[in-house]
1. Find the percent of Cα-Cα distances in the range 142-266 that exceed 26 Å, and round it to a whole number.
2. Spelling out what I want: for every residue of the range 235-246, take phi, set θ = phi - 60°, compute 6.51 cos²θ - 1.76 cosθ + 1.60 (Karplus), and round to whole Hz; glycine and proline get x.
3. Let me make sure I get this right: for the range 127-173, a, b and c are the square roots of the gyration tensor eigenvalues over alpha carbons, sorted descending. Under 1.5 in a/c it's rounded, otherwise prolate if a/b > b/c, else oblate. Which is it?
4. Among Ser326, Phe49, Trp21, which residue has its Cα furthest toward the positive end of the charge dipole of the chain, with +1 on Lys/Arg Cβ and -1 on Asp/Glu Cβ?
5. Mind listing the phi-derived Karplus ³J(HN,Hα) values for the range 136-145, rounded to whole Hz, using 6.51, -1.76 and 1.60 with θ = phi - 60°, and x for any glycine or proline?
6. What percent does the relative contact order of the range 63-153 come to when contacts are Cα pairs within less than 8 Å and at least six residues apart?
7. For the chain, give the percent of accessible area contributed by carbon and sulfur heavy atoms, probe 1.4 Å, rounded to a whole number.
8. Given axes a ≥ b ≥ c from the Cα gyration tensor, I'd like to know whether the range 189-321 is rounded (a/c under 1.5), prolate (a/b larger than b/c) or oblate.
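The values are calculated or read from the model by the stated rules, or taken from the named source; none is laboratory data. Keep in mind the model is a prediction, meaning the values are calculated, not measured. For neighbour counting, all protein chains shown are included, and Cβ atoms are generated from backbone atoms with ideal geometry for every residue, glycine included. These area figures cover heavy atoms from the full protein model, side chains too; ligands, DNA and RNA do not enter into them. Shrake-Rupley method; radii C 1.70, N 1.55, O 1.52, S 1.80 Å.
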Amino acid sequence: MSATPALEQPRRSWTHLLARWETLLLVALIGLIIVGNALSPFFLTAGNFSNLIAALMEVAIMALPMAMIIILGEIDLSVEAMAGLASALLGFLWAAGVPLSVGIPVVLVVGILGGLLNGLLIARGGLPSLVVTLGTLALFRGLALIVLGPRGVSDFPPEFTEFGFGHVPGTLIPWPFVVFVVLAVVLAIVLHRTWIGRQVYAIGRNTGAARFSGVRVTRVKVSLFAFTGLIAALAGIILTARLSSARADAGEGMTLTVVTVVLLGGVNIFGGSGTIPGVVLAVLVVAVMQNALRLANVSVEVQSIALGLLLILSVVIPTFAHQARSAIDRVRGGRPPPADSVPQGERAIS
């Protein structure tokens, strides 16, 4: 009699592992690598993998704090504009003779201030994050155009640009990938192992309940938006180094990819759930997919369609899976379906 639960426990743990979203992403990643190898003989080369990782690093870096923002139940559409403003401001300061040792900290502070503006309007002003960050997206992009205009600045010192497209000595690992890995590890520990992470999940699941339980909702939201602005500015600096050029339109169109990566990583668009490892796997999935399509000479328009479909699927599939799981749990528990799902003529008459 006692042996049955012991046998069922490993079976349940294996089933739970196989049903995890991260496992499905890993399977998808392996499948895409196989397809990419079939499309091009250059796909499975160290140089190509280095290039595909480097091409998406700015998006990947911005996706990490974005994941926490969406788990919080909010969204930040202004990250690409902040990256562009950071690039424009860095180029302006460098052209004005300000050394990078001073210009980079100034740009990072501007990123924090931009995030604070978002956080205060949303958390203290009670405004919807979608509308606020859509407005600051236009604001930051406009400021970037005022600061630098249509011109570009490209005479940065070699030691700065080397950080953007150079590699760790003796390897083909891009320096921005090191930044991404360090940031991912730190945020994974913060989100999944500390009280800060528990507060973020609590706010995302039920803001009112979190506030009544003692969570300082306003402080958490403002702090997280400020941190997101900081990381977006950092991504703008890295993008400037990789392209060896500062432009006001740097980062344009990245927000769609950032949100796609986050949702594909299993973060619930309504907040309350999601993991950093899932987002890391999603970064690799999107990077491999885009690289395979590029090597197959697929047009940019078709690549955009593929990214849009990926975004839709990353929302639809988890939603249907959650509904199916809820239905199965109700059947196993012997609970009746919700009243709304029972036709009116079949309801019991009291």
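1. Within the range 142-266, distances greater than 26 Å cover 39 percent of Cα pairs.
2. 5, x, 5, 5, 4, 4, 5, 5, 8, 6, 7, 9
3. Judged from the Cα gyration tensor, the range 127-173 comes out oblate (a/c at least 1.5, b/c at or above a/b).
4. Value computed over the given set: Ser326.
5. 6, 4, 5, 5, 5, 5, x, 4, 4, 5
6. Answer for the range 63-153 is 46 percent.
7. 69 percent
8. It comes out oblate by the Cα gyration axes.
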